[in-house]
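Asker: Mind having a look at this structure? Questions to follow.
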Amino acid sequence: MPRAPKSVPPGSPRCPICGRPADEALKPFCSTRCKNVDLHKWLGGHYRIETDERPASNGLPEEKDED
């Protein structure tokens, strides 16, 4: 169960993972745990930009002919 965010002055940075106030040393995160959760999301492919492009059949980018 997520922790309830602490009250902070308006406009203060909040952790993008749990919403608690950001720690100055770990900005934009509040803790090492939230920092690692974010890293896991990046490495696991949860953050991505959707495009209309289809991947190449071999998984590698397509090379263009230089004619």
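Asker: Could you list, in sequence order, the residues of segment 6-56 that are among the hydroxyl-bearing types (Ser, Thr, Tyr) and under 11 Å from the mean Cα position of the chain (by Cα)?
Answerer: Matches in segment 6-56: Tyr47 only.
Asker: When you check Asp52 against the structure, is it charged (D, E, K, R), assigned to a loop (DSSP other than H, G, I, E, B) and at pLDDT below 85, yes or no?
Answerer: no
Asker: Exposed (fewer than 10 other Cβ atoms within 10 Å of the Cβ) and either in a helix (DSSP H, G or I) or at pLDDT 95 or above (or both): is that true of Ala4 in this structure?
Answerer: No.
The values are calculated or read from the model by the stated rules, or taken from the named source; none is laboratory data. Since we're looking at a predicted model, the values are computed, not measured. Glycine also receives a Cβ, built like all others from the backbone with ideal geometry; neighbour counts cover every protein chain displayed.
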